[in-house]
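The values are calculated or read from the model by the stated rules, or taken from the named source; none is laboratory data. For clarity, every value in this text was computed on a predicted model and none was experimentally measured. Quick reminder, even Gly has a Cβ in these numbers, built from the backbone with ideal geometry, and neighbours come from all protein chains shown. Each accessible area value is taken on the protein alone, full model and side chains, heavy atoms only, with ligands, DNA and RNA left out. Shrake-Rupley method; radii C 1.70, N 1.55, O 1.52, S 1.80 Å.
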Amino acid sequence: MKRLLSSCLLLFASLSVIPTALAEGFITRLLDKRVPGGVAVLPLGEATQAPRTFFGDKPVMVLREDGEGWIAIVGIPLTAQGVQQLEVRDAGGRKEIAFAIAPRRYAEQHITLKNKKMVNPPPQEMARIEREMAEQSRAYRSFSPGVPSNLMFDKPVDGPLSSPFGLRRFFNGEERNRHSGLDFAVPAGTPIKAPAAGKVILAGSLYFNGNTVFLDHGQGLISMICHMSRIDVKVGDEVPRGGVIGAVGSTGRATGPHMHWNVSLNDVRVDPAIFIGAFKP
């Protein structure tokens with residue numbers, strides 16, 4: 001009898017675990033990586049309308065997930081650590097949801113550039129650089145109401161990763177901004193495709209980034225692709241998933257042909273590897 005009771009309890013315990021695993025939706029399994037430069041997927045419960053959510057002062061993506069109700073998809077800054085707060089505003093008022101950030105270490109990258117103007121720009125270029133930085137900041141802050149066509153992104157190019165996200169970068173021995181995207185090692189001229197449907201909100205030649213395209217995928221989810229040899233789209237174009245936006249090159253601050261891809265969520269640069277199922281803790 002004791003053996004039978006133990007077997008039944010073990011079976012019940014095993015079965016009780018299964019619904020929890022199955023209830024966790026696809027979006028949560030794909031995106032929930034709570035580390036600096038990662039993404040937090042937070043359940044918001046059921047409601048007739050999507051709750052308004054904010055991380056800091058930036059609006060956050062809110063979607064419905066089958067079996068999960070409303071969820072918030074939050075971009076986590078590279079500088080984040082400890083416990084963070086998501087603000088939720090709905091018909092019931094205002095509340096905060098706390099979530100913890102696990103530590104993550106990033107490696108260093110040392111790059112030698114022959115063109116020293118790309119390390120320390122001449123004074124006459126500073127006005128241009130400041131103007132372009134402001135344009136990019138506005139693009140990253142875009143928050144259109146449409147739901148992204150897909151959150152499991154397609155790779156913009158088929159090729160191996162050459163530089164991961166988050167590297168501390170040193171150009172000619174001088175530390176500069178962290179590597180805020182992924183680099184793919186592919187030949188010059190390789191067509192670059194939109195990882196998801198999006199609207200072109202910025203396109204042109206930038207001092208550091210070279211030929212650059214920003215795609216707004218909806219609800220604060222932005223792709224930025226740069227160092228292109230050519231641009232095949234213009235501001236205002238609606239690009240379908242898989243649509244060609246240009247070709248790989250080495251324009252701007254680059255040592256050779258490659259494709260650099262940023263993903264931004266609520267104006268925070270996050271690891272694109274999360275969106276293509278290639279994230280490594």
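Just a few scattered comments:
- All positions within segment 28-61 that are within 12 Å of E87 (Cβ to Cβ) and touching a Pro at 6+ places or on another chain (Cβ under 8 Å): L44, R52, T53
- In segment 119-140, the qualifying residues are those that are assigned to a helix (DSSP H, G or I) and among the polar types (S, T, N, Q), and the one that is farthest from N266 (Cα to Cα) is Q124.
- F26 being surrounded by 10 or more Cβ atoms within 10 Å (Cβ to Cβ), of a type in the set (F, W, Y), at pLDDT 95 or above and closer than 23 Å to A273 by Cα: no
Here's the yes/no breakdown for (1) out of contact with any Lys or Arg (no Cβ under 7 Å at 6 or more places or on another chain); (2) in a loop (DSSP other than H, G, I, E, B); (3) among the aliphatic types (A, V, I, L, M):
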| residue | (1), (2), (3) |
| --- | --- |
| I27 | yes, no, yes |
| P43 | yes, no, no |
| Q49 | yes, yes, no |
| L63 | yes, no, yes |
| V74 | yes, no, yes |
| A80 | yes, yes, yes |
| L86 | yes, no, yes |
| K95 | yes, no, no |
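- Residues located in segment 60-106, provided they are within 19 Å of the chain's Cα centre (by Cα) and open to solvent by 80 Å² or more (accessible area, probe 1.4 Å): T79, Q81, P103, R105
- Test: residue in segment 136-152 that is modelled with pLDDT under 95, touching a Ser or Thr at 6+ places or on another chain (Cβ under 8 Å), over 21 Å from P240 (Cβ atoms) and open to solvent by less than 30 Å² (accessible area, probe 1.4 Å): no
- Subset tally (residues that are within 15 Å of T251 (Cα to Cα) and either assigned to a strand (DSSP E or B) or β-branched (V, I, T) (or both)) for segment 192-236: 17
- Count - residues of segment 200-245 that are surrounded by fewer than 22 Cβ atoms within 10 Å (Cβ to Cβ), within 15 Å of V157 (Cβ to Cβ) and of a type in the set (S, T, Y): 1
- First in segment 84-96 and within 25 Å of G38 (Cα to Cα) and touching a residue at least 12 places away in the same chain (Cβ under 8 Å), second anywhere and open to solvent by 80 Å² or more (accessible area, probe 1.4 Å) and among the basic types (K, R), Cβ under 6 Å, 6 or more apart: V88/K95; R89/R52
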